[in-house]
Amino acid sequence: MEIKGIHHVTAITSSAEKNYEFFTYVLGMRLVKKTVNQDDIQTYHLFFADDKGSAGTDMTFFDFPGIPKGVHGTNEISKTSFRVPSDAALDYWVKHFERLEVNHTGIKEQFGKKILSFVDFDDQQYQLISDEINKGIDSGTPWQKGPIPIEYAITGLGPVFIRIANFDYFKEMLEKVLLFKETAQEESFHLFEVGKGGNGASVIVEHNALLPEGRQGFGTVHHAAFRVEDRSVLEGWIDRMNSFGFQTSGYINRHFFESLYSRVAPQILFEFATDGPGFMGDEPYETLGEKLSLPPFLEPKREEIEKLVRPIDTVRSTKEFIKE
(Lines give C-alpha, C1' and ligand atoms only; values in the text may rest on other atoms or scores of the structure.)
Protein backbone atom coordinates (compact mmCIF):
# COMPACT_ATOMS: atom_id res chain seq x y z
CA MET A 1 0.00 0.00 0.00
CA GLU A 2 2.99 2.29 0.25
CA ILE A 3 3.01 5.61 -1.59
CA LYS A 4 6.45 5.83 -3.23
CA GLY A 5 6.62 9.61 -3.61
CA ILE A 6 5.39 12.38 -5.86
CA HIS A 7 4.29 11.24 -9.32
CA HIS A 8 3.42 14.53 -11.05
CA VAL A 9 1.90 17.95 -10.52
CA THR A 10 -0.69 19.32 -12.94
CA ALA A 11 -1.24 23.07 -13.23
CA ILE A 12 -3.14 25.49 -15.46
CA THR A 13 -1.50 27.87 -17.93
CA SER A 14 -2.85 30.82 -19.90
CA SER A 15 -0.84 29.81 -22.96
CA ALA A 16 0.40 26.38 -24.04
CA GLU A 17 2.83 28.12 -26.41
CA LYS A 18 4.42 30.32 -23.72
CA ASN A 19 4.40 27.37 -21.35
CA TYR A 20 6.32 25.25 -23.86
CA GLU A 21 8.88 28.01 -24.40
CA PHE A 22 9.37 28.58 -20.65
CA PHE A 23 9.81 24.93 -19.70
CA THR A 24 11.95 24.08 -22.72
CA TYR A 25 14.27 27.07 -22.98
CA VAL A 26 14.24 28.57 -19.46
CA LEU A 27 13.92 25.48 -17.24
CA GLY A 28 15.44 22.94 -19.62
CA MET A 29 12.83 20.26 -18.97
CA ARG A 30 11.91 17.88 -21.77
CA LEU A 31 8.44 17.85 -23.33
CA VAL A 32 7.75 14.12 -23.28
CA LYS A 33 4.09 14.18 -24.31
CA LYS A 34 1.88 16.62 -26.22
CA THR A 35 -1.67 15.41 -25.84
CA VAL A 36 -5.11 16.70 -24.82
CA ASN A 37 -7.16 16.65 -21.64
CA GLN A 38 -8.99 13.34 -21.93
CA ASP A 39 -12.12 14.86 -20.37
CA ASP A 40 -11.98 18.12 -22.42
CA ILE A 41 -10.51 17.43 -25.84
CA GLN A 42 -10.24 21.09 -26.87
CA THR A 43 -7.62 21.57 -24.11
CA TYR A 44 -3.93 20.78 -24.55
CA HIS A 45 -2.22 18.68 -21.91
CA LEU A 46 1.57 19.09 -21.97
CA PHE A 47 3.93 16.86 -19.94
CA PHE A 48 7.43 18.13 -19.09
CA ALA A 49 9.74 15.64 -17.39
CA ASP A 50 13.26 14.27 -17.25
CA ASP A 51 15.17 12.79 -20.17
CA LYS A 52 13.19 9.54 -20.13
CA GLY A 53 9.79 10.73 -18.90
CA SER A 54 10.28 8.95 -15.57
CA ALA A 55 7.52 8.85 -12.96
CA GLY A 56 8.24 11.43 -10.27
CA THR A 57 9.71 13.98 -12.66
CA ASP A 58 6.81 15.43 -14.64
CA MET A 59 5.07 18.77 -14.37
CA THR A 60 2.00 18.91 -16.60
CA PHE A 61 -0.27 21.71 -17.80
CA PHE A 62 -3.80 22.29 -19.05
CA ASP A 63 -4.67 25.39 -21.09
CA PHE A 64 -8.44 25.54 -20.59
CA PRO A 65 -9.88 28.01 -23.13
CA GLY A 66 -11.23 31.20 -21.53
CA ILE A 67 -10.39 30.32 -17.94
CA PRO A 68 -9.74 33.40 -15.71
CA LYS A 69 -6.55 34.03 -13.76
CA GLY A 70 -6.40 32.15 -10.48
CA VAL A 71 -6.02 33.77 -7.07
CA HIS A 72 -3.47 32.46 -4.58
CA GLY A 73 -4.72 31.95 -1.03
CA THR A 74 -5.34 29.28 1.54
CA ASN A 75 -6.71 25.82 0.72
CA GLU A 76 -4.58 25.47 -2.40
CA ILE A 77 -1.65 23.47 -3.67
CA SER A 78 0.50 26.56 -3.58
CA LYS A 79 3.95 25.76 -4.96
CA THR A 80 5.80 23.07 -6.95
CA SER A 81 9.46 22.18 -6.38
CA PHE A 82 12.08 20.91 -8.81
CA ARG A 83 15.21 19.05 -7.73
CA VAL A 84 18.71 20.08 -8.80
CA PRO A 85 21.88 18.16 -7.92
CA SER A 86 23.73 20.58 -5.64
CA ASP A 87 23.97 23.93 -3.88
CA ALA A 88 26.32 25.06 -6.67
CA ALA A 89 23.52 24.43 -9.16
CA LEU A 90 21.42 27.09 -7.41
CA ASP A 91 24.21 29.65 -7.95
CA TYR A 92 24.02 28.85 -11.66
CA TRP A 93 20.22 29.24 -11.66
CA VAL A 94 20.37 32.68 -10.00
CA LYS A 95 22.56 33.95 -12.86
CA HIS A 96 20.41 32.12 -15.43
CA PHE A 97 17.18 33.66 -14.09
CA GLU A 98 18.71 37.14 -13.90
CA ARG A 99 19.92 36.93 -17.49
CA LEU A 100 16.45 35.86 -18.65
CA GLU A 101 14.61 38.28 -16.32
CA VAL A 102 12.78 35.58 -14.36
CA ASN A 103 11.53 36.89 -11.01
CA HIS A 104 13.10 35.03 -8.08
CA THR A 105 13.71 35.45 -4.35
CA GLY A 106 17.40 34.59 -4.18
CA ILE A 107 18.81 31.54 -2.43
CA LYS A 108 17.33 30.77 1.00
CA GLU A 109 17.17 27.78 3.30
CA GLN A 110 14.23 25.72 4.58
CA PHE A 111 14.36 22.46 6.54
CA GLY A 112 18.14 22.45 6.09
CA LYS A 113 17.97 22.50 2.28
CA LYS A 114 19.00 25.36 -0.02
CA ILE A 115 16.08 26.62 -2.12
CA LEU A 116 15.41 29.22 -4.83
CA SER A 117 11.82 30.36 -5.36
CA PHE A 118 10.64 31.85 -8.68
CA VAL A 119 7.54 32.49 -10.77
CA ASP A 120 6.59 32.18 -14.44
CA PHE A 121 4.60 34.52 -16.72
CA ASP A 122 1.32 33.45 -15.06
CA ASP A 123 2.60 33.98 -11.49
CA GLN A 124 2.67 30.20 -11.07
CA GLN A 125 4.76 29.51 -7.94
CA TYR A 126 7.85 27.27 -8.10
CA GLN A 127 11.08 26.59 -6.29
CA LEU A 128 14.32 24.78 -7.02
CA ILE A 129 15.64 22.64 -4.17
CA SER A 130 19.17 21.31 -3.78
CA ASP A 131 19.79 17.57 -3.41
CA GLU A 132 23.24 18.32 -1.89
CA ILE A 133 22.44 16.67 1.46
CA ASN A 134 19.26 14.88 0.42
CA LYS A 135 18.55 11.28 1.40
CA GLY A 136 15.58 9.26 0.18
CA ILE A 137 13.96 8.38 -3.09
CA ASP A 138 16.16 8.75 -6.16
CA SER A 139 15.57 11.49 -8.70
CA GLY A 140 15.49 11.23 -12.48
CA THR A 141 17.91 11.92 -15.33
CA PRO A 142 18.39 15.47 -16.65
CA TRP A 143 17.50 16.15 -20.27
CA GLN A 144 20.72 15.17 -22.01
CA LYS A 145 20.28 17.37 -25.08
CA GLY A 146 18.61 20.32 -23.35
CA PRO A 147 20.03 23.83 -22.92
CA ILE A 148 21.07 23.49 -19.26
CA PRO A 149 24.49 22.01 -18.32
CA ILE A 150 23.96 18.48 -17.00
CA GLU A 151 25.59 19.19 -13.63
CA TYR A 152 23.03 21.95 -12.91
CA ALA A 153 19.92 20.65 -14.68
CA ILE A 154 16.56 19.76 -13.14
CA THR A 155 16.24 16.04 -12.39
CA GLY A 156 12.70 15.69 -11.01
CA LEU A 157 10.04 16.93 -8.63
CA GLY A 158 10.70 18.06 -5.09
CA PRO A 159 8.32 18.82 -2.22
CA VAL A 160 4.77 19.91 -3.04
CA PHE A 161 3.57 22.88 -0.96
CA ILE A 162 0.02 22.97 0.34
CA ARG A 163 -1.50 25.96 2.17
CA ILE A 164 -4.38 24.89 4.39
CA ALA A 165 -6.76 26.55 6.84
CA ASN A 166 -7.71 23.47 8.91
CA PHE A 167 -4.25 22.11 9.68
CA ASP A 168 -5.32 19.62 12.36
CA TYR A 169 -7.65 17.86 9.93
CA PHE A 170 -5.09 17.85 7.12
CA LYS A 171 -2.33 16.46 9.35
CA GLU A 172 -4.63 13.65 10.51
CA MET A 173 -5.59 12.88 6.90
CA LEU A 174 -1.96 12.74 5.76
CA GLU A 175 -0.84 10.56 8.66
CA LYS A 176 -3.78 8.22 9.24
CA VAL A 177 -5.07 7.85 5.68
CA LEU A 178 -2.09 8.45 3.36
CA LEU A 179 0.54 7.15 5.84
CA PHE A 180 2.84 10.20 5.75
CA LYS A 181 4.95 11.11 8.80
CA GLU A 182 5.61 14.63 10.06
CA THR A 183 9.40 14.94 10.32
CA ALA A 184 10.04 18.65 10.97
CA GLN A 185 8.43 22.03 11.61
CA GLU A 186 9.58 25.59 10.97
CA GLU A 187 7.13 28.24 12.14
CA SER A 188 3.86 27.64 10.23
CA PHE A 189 5.45 25.14 7.81
CA HIS A 190 5.29 21.39 8.50
CA LEU A 191 7.34 18.80 6.59
CA PHE A 192 5.69 15.43 5.91
CA GLU A 193 7.47 12.50 4.23
CA VAL A 194 6.31 9.17 2.85
CA GLY A 195 8.01 5.98 1.66
CA LYS A 196 11.79 6.42 1.49
CA GLY A 197 11.31 10.15 2.12
CA GLY A 198 13.57 12.94 0.93
CA ASN A 199 12.90 15.71 -1.56
CA GLY A 200 10.98 13.50 -3.98
CA ALA A 201 8.60 12.11 -1.37
CA SER A 202 7.70 15.18 0.68
CA VAL A 203 4.79 17.51 1.21
CA ILE A 204 5.25 20.85 2.99
CA VAL A 205 2.04 22.04 4.61
CA GLU A 206 1.65 25.71 5.53
CA HIS A 207 -1.01 26.38 8.19
CA ASN A 208 -2.72 29.62 7.16
CA ALA A 209 -6.23 30.51 8.29
CA LEU A 210 -5.80 34.25 7.63
CA LEU A 211 -5.62 34.44 3.83
CA PRO A 212 -8.86 34.28 1.85
CA GLU A 213 -9.50 31.01 0.05
CA GLY A 214 -7.60 30.60 -3.19
CA ARG A 215 -9.45 30.44 -6.48
CA GLN A 216 -8.39 28.07 -9.24
CA GLY A 217 -7.53 29.47 -12.66
CA PHE A 218 -4.44 29.93 -14.80
CA GLY A 219 -1.35 30.39 -12.66
CA THR A 220 -2.50 27.84 -10.07
CA VAL A 221 -2.14 24.10 -9.53
CA HIS A 222 -4.99 21.79 -10.55
CA HIS A 223 -3.92 18.66 -8.63
CA ALA A 224 -0.95 16.73 -7.25
CA ALA A 225 -0.36 13.03 -7.92
CA PHE A 226 1.46 10.41 -5.87
CA ARG A 227 3.28 7.31 -7.07
CA VAL A 228 2.04 3.77 -6.54
CA GLU A 229 3.68 0.68 -7.98
CA ASP A 230 0.94 -0.87 -10.12
CA ARG A 231 -2.77 -1.48 -10.54
CA SER A 232 -3.04 -3.94 -7.66
CA VAL A 233 -1.74 -1.28 -5.26
CA LEU A 234 -4.01 1.29 -6.89
CA GLU A 235 -7.03 -0.94 -6.29
CA GLY A 236 -5.96 -1.18 -2.67
CA TRP A 237 -6.02 2.60 -2.41
CA ILE A 238 -9.50 2.73 -3.92
CA ASP A 239 -10.68 0.41 -1.13
CA ARG A 240 -8.74 2.34 1.52
CA MET A 241 -10.06 5.77 0.51
CA ASN A 242 -13.61 4.42 0.40
CA SER A 243 -13.18 2.86 3.85
CA PHE A 244 -12.33 6.29 5.28
CA GLY A 245 -15.41 7.81 3.66
CA PHE A 246 -13.71 9.71 0.83
CA GLN A 247 -15.45 9.99 -2.50
CA THR A 248 -13.21 8.84 -5.34
CA SER A 249 -13.21 8.69 -9.11
CA GLY A 250 -12.71 4.95 -8.99
CA TYR A 251 -10.24 3.35 -11.37
CA ILE A 252 -9.34 5.41 -14.47
CA ASN A 253 -7.00 4.31 -17.27
CA ARG A 254 -5.07 7.36 -18.51
CA HIS A 255 -3.11 5.19 -20.99
CA PHE A 256 0.26 6.60 -19.88
CA PHE A 257 -0.54 5.54 -16.29
CA GLU A 258 -3.54 4.31 -14.31
CA SER A 259 -5.21 6.64 -11.82
CA LEU A 260 -7.50 7.31 -8.90
CA TYR A 261 -8.67 10.80 -7.86
CA SER A 262 -10.01 12.01 -4.53
CA ARG A 263 -10.67 15.48 -3.11
CA VAL A 264 -9.04 15.16 0.30
CA ALA A 265 -9.79 18.69 1.59
CA PRO A 266 -11.54 21.84 0.31
CA GLN A 267 -10.06 22.56 -3.15
CA ILE A 268 -7.27 19.98 -2.67
CA LEU A 269 -7.43 17.25 -5.32
CA PHE A 270 -5.02 14.33 -5.01
CA GLU A 271 -4.38 11.64 -7.59
CA PHE A 272 -2.77 8.24 -7.12
CA ALA A 273 -0.95 7.16 -10.29
CA THR A 274 0.96 4.05 -11.31
CA ASP A 275 4.59 4.25 -12.39
CA GLY A 276 3.83 2.69 -15.79
CA PRO A 277 3.30 2.11 -18.64
CA GLY A 278 4.99 5.49 -19.30
CA PHE A 279 5.36 7.80 -22.29
CA MET A 280 7.32 5.82 -24.88
CA GLY A 281 4.62 3.41 -26.02
CA ASP A 282 3.68 5.46 -29.09
CA GLU A 283 6.78 7.59 -29.71
CA PRO A 284 10.48 6.72 -29.83
CA TYR A 285 12.90 8.29 -27.32
CA GLU A 286 14.44 10.55 -29.97
CA THR A 287 11.20 12.38 -30.83
CA LEU A 288 9.20 12.29 -27.59
CA GLY A 289 6.62 15.07 -27.45
CA GLU A 290 6.98 16.15 -31.06
CA LYS A 291 3.63 14.93 -32.38
CA LEU A 292 0.09 15.13 -31.01
CA SER A 293 -0.23 11.90 -29.06
CA LEU A 294 -3.70 10.51 -28.37
CA PRO A 295 -4.73 7.52 -26.26
CA PRO A 296 -6.35 4.70 -28.27
CA PHE A 297 -9.91 5.64 -27.29
CA LEU A 298 -9.42 9.17 -28.71
CA GLU A 299 -7.56 8.15 -31.86
CA PRO A 300 -10.80 7.85 -33.91
CA LYS A 301 -11.44 11.54 -33.09
CA ARG A 302 -7.99 12.71 -34.22
CA GLU A 303 -9.28 14.77 -37.15
CA GLU A 304 -11.81 16.55 -34.93
CA ILE A 305 -9.26 17.14 -32.15
CA GLU A 306 -6.64 18.53 -34.53
CA LYS A 307 -9.20 21.12 -35.67
CA LEU A 308 -9.96 22.10 -32.06
CA VAL A 309 -6.37 22.60 -30.86
CA ARG A 310 -4.10 24.98 -32.74
CA PRO A 311 -0.78 23.55 -33.94
CA ILE A 312 2.27 24.05 -31.72
CA ASP A 313 5.72 23.34 -33.16
CA THR A 314 7.47 21.15 -30.60
CA VAL A 315 10.08 19.55 -32.87
CA ARG A 316 13.45 19.51 -31.09
CA SER A 317 15.20 16.46 -32.56
CA THR A 318 16.40 18.55 -35.50
CA LYS A 319 17.75 21.34 -33.25
CA GLU A 320 20.96 21.58 -31.29
CA PHE A 321 20.79 23.37 -27.94
CA ILE A 322 23.98 25.17 -26.92
CA LYS A 323 24.46 24.65 -23.20
CA GLU A 324 25.27 27.76 -21.19
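The values are calculated or read from the model by the stated rules, or taken from the named source; none is laboratory data. Every value quoted in this text rests on a predicted model; they were computed, and no experiment measured them. As a convention, Cβ positions derive from the backbone with ideal geometry for all residues, glycine included, and neighbour counts pool all protein chains shown.
Is it the case that the stretch 164-187 has a residue that's surrounded by 14 or more Cβ atoms within 10 Å (Cβ to Cβ), touching a helix residue (DSSP H, G or I) at 6+ places or on another chain (Cβ under 8 Å) and over 19 Å from residue 3 (Cα atoms)? Yes, the conditions are met somewhere in the stretch 164-187. In the stretch 114-122, the condition of being surrounded by 17 or more Cβ atoms within 10 Å (Cβ to Cβ), under 16 Å from residue 206 (Cα atoms) and either in contact with a Ser or Thr (Cβ under 9 Å, 6 or more places away or on another chain) or of a type in the set (Lys, Arg) (or both) is met by at least one residue. Close Cβ contacts (under 9 Å, 6 or more residues apart or on different chains) running from residues in the stretch 302-324 that are farther than 22 Å from residue 26 by Cβ and in contact (Cβ under 8 Å) with a residue 24 or more places away in the chain to residues that are assigned to a helix (DSSP H, G or I) and not basic (Lys, Arg) comprise 309/16.
Reported count of residues in the stretch 165-206, each being β-branched (Val, Ile, Thr), outside any helix (DSSP H, G or I) and under 23 Å from residue 243 (Cβ atoms), is 2.
Applying the condition of being touching an Asp or Glu at 6+ places or on another chain (Cβ under 8 Å) and part of a loop (DSSP other than H, G, I, E, B) to the stretch 75-101 and asking which residue is farthest from residue 201 (Cα to Cα) yields 75. Taking every residue in the stretch 163-187 that is within 19 Å of residue 210 (Cα to Cα) and pairing it with any residue that is hydroxyl-bearing (Ser, Thr, Tyr), at least 6 positions away or on another chain, the pairs with Cβ-Cβ distances below 7 Å are 163/74; 163/78; 164/74; 165/74. Cβ-Cβ contacts under 7 Å between residues 6 or more apart (or on different chains), taken from a first residue in the stretch 237-262 that is touching a residue at least 60 places away in the same chain (Cβ under 8 Å) to a second residue that is polar (S, T, N, Q), are listed as 241/248; 241/262; 246/262; 254/38; 257/274. Of everything listed in (1) farther than 14 Å from residue 124 by Cα; (2) of a type in the set (Phe, Trp, Tyr); (3) assigned to a strand (DSSP E or B), the single unmet condition for residue 61 is (1). Residues in the stretch 35-47 include none that are touching a Gly at 6+ places or on another chain (Cβ under 6 Å) and either surrounded by 23 or more Cβ atoms within 10 Å (Cβ to Cβ) or polar (S, T, N, Q) (or both).
Condition test on residue 243, is it surrounded by fewer than 20 Cβ atoms within 10 Å (Cβ to Cβ) and hydroxyl-bearing (Ser, Thr, Tyr)? In short, yes. Residues in the stretch 207-244 that are hydrophobic (A, V, I, L, M, F, W, C), in contact with a Phe, Trp or Tyr (Cβ under 9 Å, 6 or more places away or on another chain) and outside any strand (DSSP E or B): 209, 233, 234, 237, 238, 241.
Of the residues screened, residue 257 is not one that is within 30 Å of residue 185 (Cβ to Cβ), at pLDDT 95 or above and not acidic (Asp, Glu). Of all the residues in the stretch 279-312, those that are under 24 Å from residue 56 (Cβ atoms) and assigned to a helix (DSSP H, G or I) number 3.
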